[in-house]
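Notes for the one structure printed next.
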Number of protein chains: 2
Amino acid sequence: MIVEHGFEGLSMHKLAKAAGVSVATIYIYFRDREDLIQQLYAEEMQKMVEATLRDFNPESHFDEGLKVQWLNRMNYCFENPYSMFFTEQVKHSPLFDRSNIDTRFLHAMHLFVHRAIERNEIIPLPVEIYWSIAFAPLYQLVKFHIAKSSMPGRPPFILDEEKINLTLSLVIKALKP
Amino acid sequence: MIVEHGFEGLSMHKLAKAAGVSVATIYIYFRDREDLIQQLYAEEMQKMVEATLRDFNPESHFDEGLKVQWLNRMNYCFENPYSMFFTEQVKHSPLFDRSNIDTRFLHAMHLFVHRAIERNEIIPLPVEIYWSIAFAPLYQLVKFHIAKSSMPGRPPFILDEEKINLTLSLVIKALKP
DNA sequence: CAAATATAAATGAACGTTCGTTTATTTATC
DNA sequence: GATAAATAAACGAACGTTCATTTATATTTG
């Protein structure tokens, strides 16, 4: 409902009807409407983080580790477009609470980056700059892919492993000493 | 209203009251609520595009042209945080209509990229990959800056011209032959 | 083992608001 | 006196939430 019609598209009555359940039943499991959305968001984010960290070793070489994360993230987005759209919508709405970010994920990332810097695999950078170069391009490509026709009047953009590898190599080039 | 409470925070009654106007008056100038939001979005996007293209010459050297755009975009976001937040919210909502993207802007960008490729200033790339590397990091940095504390438990991230230049140099390194 | 009781889960109906939108009328401008 | 702009009031529909009640499940008792 939220993905297709925005937050306004989710009403407790419609949700109850769609779930084949009474409206009051929802309030047994969720304090109120906002709590429902927040719990759903937390749940989806946790699944995404787990998928992103699958087979990821923070001690691995930077190139290898970043590639694992890119492919994980890309695959998850492709297999769960609704989840992706929903979480992106929350992240760009006033509902988003930055203090609730998964710390397990952050720690793994910090370890990974600092190890890579120690080993001289990438140049030392503020984490935000590192993040903006290492991940923002991936997100953008995934969005282009999901939007199918990325730009009007152009052929649809299909993100495949070849394009991922090309972009990844450029990103790594930027971060290499 | 939308920035502070989401789309649900904008009601015609509350808007009329805030504007010191009757509800019916709004319907003289806007077909309905959605038309109001779409017109507001189009207006804000046009202002942003104009600000981004200020002093930008599509024929200029790639490094120079990209820097102009980055600084323009960054400054506009800083000076108009509400506009930024609002448009980002629309872009990540089902209201967003990809077919309404400003073509003037797209043409300027295409010309700029192709000239740079012709002059061998950057490697040839699909436009989407170019875009994801050339701009996504900037957006991410601006978001970090606006979010003040980028990641919990870390000092607030302040985006200044020095950090912009550093990131820009890395991005250019990635795109250079 | 069945009946009785206690506990938990689920419900339909209703609450008072607020929603987006319209219409008949008044006010301002030319 | 005509045209345009603005309004107050009202519309039914839908909203989030609650509550008294019913249904289902588990436990105890005779």
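The values are calculated or read from the model by the stated rules, or taken from the named source; none is laboratory data. All of these numbers come straight from a predicted model, not from anything done at the bench. Methodologically, a virtual Cβ is constructed for each residue, glycine included, from the backbone with ideal geometry; neighbour enumeration extends over all protein chains shown. Each accessible area value is taken on the protein alone, full model and side chains, heavy atoms only, with ligands, DNA and RNA left out. Shrake-Rupley method; radii C 1.70, N 1.55, O 1.52, S 1.80 Å.
Quick notes
- Qualifying positions in segment A:155-177 - more than 7 Å from every other protein chain (Cβ to nearest Cβ) and in a loop (DSSP other than H, G, I, E, B): A:Pro155, A:Pro156, A:Ile158, A:Leu159, A:Asp160, A:Lys176, A:Pro177
- Residue list for segment B:18-35, filter: within 12 Å of DNA strand D (Cβ to nearest atom) and open to solvent by 80 Å² or more (accessible area, probe 1.4 Å): B:Tyr27, B:Ile28, B:Tyr29
- Only residues that are open to solvent by less than 50 Å² (accessible area, probe 1.4 Å) and within 16 Å of DNA strand C (Cβ to nearest atom) were counted in segment A:36-70, giving 1.
Conditions tested, residue by residue: (1) within 17 Å of B:Tyr130 (Cβ to Cβ); (2) open to solvent by less than 40 Å² (accessible area, probe 1.4 Å).
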residue	(1), (2)
A:Ser93	no, yes
A:Asp102	no, no
A:Met109	no, yes
A:Ile122	no, yes
A:Ala136	yes, yes
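- A:Ile117 being more than 10 Å from every other protein chain (Cβ to nearest Cβ), farther than 23 Å from A:Tyr76 by Cα, without any contact (Cβ under 8 Å) to a residue 12 or more places away in the chain and not acidic (Asp, Glu): yes
- Going through (1) facing another protein chain (nearest Cβ under 9 Å); (2) in contact with a Gly (Cβ under 8 Å, 6 or more places away or on another chain) one by one, B:Phe112 falls short only on (1).
- Checking B:Trp131 against (1) open to solvent by 20 Å² or more (accessible area, probe 1.4 Å); (2) touching a Gly at 6+ places or on another chain (Cβ under 8 Å); (3) aromatic (Phe, Trp, Tyr), the condition it does not meet: (2)
- Summed over segment A:141-154, the residues that are outside any helix (DSSP H, G or I) and surrounded by fewer than 18 Cβ atoms within 10 Å (Cβ to Cβ) give a count of 6.
- Looking across segment B:18-35 at every residue that is within 10 Å of DNA strand C (Cβ to nearest atom) and hydroxyl-bearing (Ser, Thr, Tyr), the one that is nearest to the chain's Cα centre (by Cα) is identified as B:Tyr27.
- Top-ranked residue in segment B:1-17 [being in a loop (DSSP other than H, G, I, E, B) and more than 8 Å from DNA strand C (Cβ to nearest atom); ranked as surrounded by the fewest Cβ atoms within 10 Å (Cβ to Cβ)]: B:Met1
- Residue pairs whose Cβ atoms lie under 7 Å apart, sitting 6 or more positions apart in sequence or on different chains, and linking a residue in segment A:8-30 that is within 14 Å of another protein chain (Cβ to nearest Cβ) to a partner that is open to solvent by less than 70 Å² (accessible area, probe 1.4 Å) and more than 6 Å from DNA strand D (Cβ to nearest atom), are A:Glu8/B:Phe7; A:Gly9/A:Ile2; A:Leu10/A:Ile2; A:Met12/A:Ile26.
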